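Have a look at the structure below before the remarks.
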Amino acid sequence: MTFLMVLAVTVVACLALRTPLHKWPVAFYVLAVAADVAYVIGVEGLLPRVVMGPLTLLMGKCVLSLALFVVVMYIGVFAKGSKVHQWLKPVRSELSIIACILACGHMAVYLGSYAPRLGGTLGVNVVSALVVALALLVLLLVLGVTSFAFVKRRMRTDSWKRLQRWAYVFFGLVYVHLMLMLAPAASQGGEAAVTSVAVYTVIFGAYAALRVRRALVDRRADAAAATLVPELEPEDCAA
């Protein structure tokens with residue numbers, strides 16, 4: 001499946017580019033914006049097919065943005081002292097911002113294409129997918145903007161953490177949106193759609209299970225640490 005290949009390459013790229021991404025995040029944001037602009041221009045027929053082909057693959061179906069969001073999601077399931085957490089946690093916000101920027105290009109094109117059809121008759125699946133897409137757009141903008149370091153610094157820590165918990169709602173709605181878009185073809189036995197449904201269900205289902213497990217493990221560890229009473233060393237009693 002194409003998404004799995006893109007995801008594999010994305011994981012490797014995130015690991016390989018984590019240092020420059022941490023040092024020069026704005027350069028990567030500019031590249032993401034450039035990809036959005038190129039995709040919008042390409043949809044208007046102003047780019048050659050050799051360029052539009054890869055853009056349609058990565059941007060048209062939003063697979064690159066989705067792959068980055070999957071990486072961002074899964075960073076949270078690893079223990080804080082693990083190698084993966086230490087490697088990618090410092091650039092988690094940057095990866096999330098890039099994914100948000102890339103998703104905006106996809107949404108702009110697709111929401112724009114459906115706008116002229118709003119006055120006509122649309123199927124239940126299409127209407128539901130559009131409603132979910134609009135909710136995703138709102139969450140995308142809010143979570144993306146508050147992921148910037150300068151915005152985070154101007155917010156109270158507890159307020160920022162409460163707001164960022166909406167990321168779980170965002171991830172859940174992404175899965176719902178994917179299922180709504182794939183359901184018609186999958187229900188008719190389309191092999192590609194059925195495979196996609198299975199792959200996305202495994203990815204998001206495994207994330208949900210692992211994230212709950214991580215939360216329970218961390219909570220037990222915090223509770224155990226809170227109940228520990230440090231023993232006095234001999235020199236502590238000497239005074």
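The values are calculated or read from the model by the stated rules, or taken from the named source; none is laboratory data. Because the structure is a prediction, the values reported are computed rather than measured. We place every Cβ from the backbone using ideal geometry, glycine too, and count neighbours over all the protein chains shown. Ligands, DNA and RNA are stripped out before the accessible areas are found, and what is left, the full protein with its side chains, is counted by its heavy atoms. Shrake-Rupley method; radii C 1.70, N 1.55, O 1.52, S 1.80 Å.
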What FRET efficiency, computed as 1/(1 + (r/R0)^6) with R0 = 30 Å and r the Cβ-Cβ distance, is obtained for Val50 and Val26, rounded to the nearest 0.05? 0.55
Diffing segment 20-36: the Karplus 3J(HN,Hα) column from phi (6.51, -1.76, 1.60, θ = phi - 60°), in whole Hz with x for Gly and Pro, holds x, 5, 5, 7, 10, x, 4, 4, 6, 5, 4, 4, 5, 4, 4, 5, 4
Within the set Met52, Met181, Met155, GNM on the chain using Cα springs under 10 Å gives the largest fluctuation to Met155
Taking Cα atoms only, helix 92-114 is inclined relative to the longest principal axis of the chain by an angle, in degrees rounded to 10, of 20
For Ser187, Ser96, give me the order by solvent-accessible area with a 1.4 Å probe, most accessible first, ignoring ligands, DNA and RNA. Ser187, Ser96
Taking the simple approach of a point 7 Å from Cα along Cα-to-Cβ for both Asp222 and Val84, what is their distance in nm? 2.2
Here are a few candidate values for semi-axes √(5λ) of the Cα gyration tensor in Å: (i) 39, 21, 18; (ii) 28, 22, 19; (iii) 32, 18, 17. Which one was actually calculated from the structure I just gave you? (i)
Kindly write out, for segment 77-88 in residue order, the coupling ³J(HN,Hα) from the Karplus curve 6.51 cos²θ - 1.76 cosθ + 1.60 (θ = phi - 60°), rounded to whole Hz, with x marking Gly and Pro. 8, 8, 5, 4, x, 6, 4, 4, 4, 5, 6, 9
Enter the accessible area per residue of the chain (Å², integer; probe 1.4 Å; all protein chains in place). 60
If exposed means trypsin sites (Lys or Arg not before Pro) lying in a DSSP loop and surrounded by at most 11 other beta carbons within 10 Å, then the longest stretch of the chain lacking such sites spans residues 1-79
Based on the Cβ-Cβ distance from Asp158 to Gln188, what FRET efficiency comes out when R0 is 45 Å, to the nearest 0.05? 0.40
Collect residues whose amide H, placed 1.01 Å from N in the peptide plane, falls under 5 Å from the amide H of Thr146; neighbours closer than 5 in sequence don't count. none
Neighbourhood net charge (14 Å Cβ-Cβ; Lys/Arg +1, Asp/Glu -1) for Phe69: +2
For the chain, modelled as a GNM with alpha-carbon contacts under 10 angstrom, which of Thr227, Thr146, Thr195 fluctuates the most? Thr227
Per-pair calculated FRET efficiency, R0 = 25 Å: Ala215 and Val37 via Cβ, rounded to 0.05: 0.05
For the chain, the accessible surface attributable to carbon and sulfur atoms (probe 1.4 angstrom, ligands and nucleic acids excluded) amounts in percent to 69
Can you give the Kirkwood hydrodynamic radius of segment 121-222 from its Cα pairs, in Å with one decimal? 15.9
